[in-house]
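Just below is one structure, and these are the notes that go with it.
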Amino acid sequence: MIEISYKSSNTICVKNADKKEITYNVDSREVRMDDFDVTHQGEYEKSGNLLEVKQYTDLLFYKFLVDGKHMCIIQSDSFDLKEEIVGFFGDVDILIIIGTKDAVKIFENIEAKVVVPFGEGKDIFLNTLGQHTEAVKIHKVWADLDGDRTEFVNLEG
């Protein structure tokens, strides 16, 4: 089971089954695996979690393998959706994405099973997609994800 929540008002935390943390600071855009800073292009493995960080234009994109689930973090909506970056994402189970109206187009090209928008525009993102989900403090992702539908998560933070 994977737990997704806010660790603080500006930091999203993803915990795997072994309680190892991946954190993303929305303000500084810093990504950490436990205490290890992974805000640089490359491939990493820490505490059973695999990560690939790709630089595309001047942005960093994160693709994790956490407890058998593919998770991506997209911090910006200001990039062109070209085959190079769409191919990097591949199959996505959990998508943590900036919540803006322009990010809806990005989401529609990725087709994730669980979508967690963040930022001031997350309500706009959810409303644009016709999702009016209740805010939750913690969202748990279980082993089986329904491949036919997308679950939208409104994290309270």
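A short reminder: the numbers here are calculations on the coordinates, not readings from a lab. These figures come from a predicted structure and were not determined experimentally. Neighbour counts run over all protein chains shown; Cβ positions are idealised from the backbone, glycine included.
Contour minus end-to-end for residue 52 and residue 35, with contour as 0.36 nm per residue of separation and end-to-end as the Cα-Cα distance?
Gain in length upon complete extension: 4.4 nm.
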* Would you kindly state how much longer the chain becomes between residue 19 and residue 3 on full extension, computed as 0.36 nm times their sequence separation minus their alpha carbon distance, in nm to one decimal? => 4.9 nm
* How long are the three semi-axes of the equivalent ellipsoid for the range 2-155, computed from the Cα gyration tensor as the root of 5 times each eigenvalue, in whole Å, largest first? -> 21, 19, 16
* Between 38, 86, 116, find the one with the highest GNM mean-square fluctuation for the chain; connect C-alpha pairs within less than 10 Å. => 86
* **Qualifying trypsin sites (Lys or Arg not before Pro) in the range 5-61, DSSP loop, other Cβ atoms within 10 Å at most 12** => 19
* To do: Compare the Cα positions of 152, 104, 87 along the charge dipole of the chain (+1 at Cβ of Lys, Arg; -1 at Cβ of Asp, Glu; about the Cα centre) and return the one farthest towards the positive end.
  => 152
* For the chain, built as a Gaussian network whose Cα springs stay under 10 Å, the top-fluctuating residue of 124, 73, 98 -> 124
* Considering Cα pairs under 8 angstrom that are at least six residues apart, work out the relative contact order of the range 2-155 and quote it in whole percent. => 17 percent
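Can you compute the FRET efficiency between residue 101 and residue 144 using 1/(1 + (r/R0)^6), with r the Cβ-Cβ distance and R0 = 30 Å? Round to the nearest 0.05. It would help to have the intermediate numbers written out before the result.
Values: r = 32 Å, r/R0 = 1.05.
Approximately 0.40, to the nearest 0.05.
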* Asked: How high is the relative contact order of the range 43-89, in percent, counting Cα pairs under 8 Å that sit 6 or more residues apart?
  -> 25 percent
* To do: Divide by every residue of the chain the summed helix terms, -39500 (n - 2.57) for each DSSP H run of at least 4, and state the resulting mean residue ellipticity at 222 nm, rounded to the nearest 500 deg cm²/dmol.
  => -3500 deg cm²/dmol
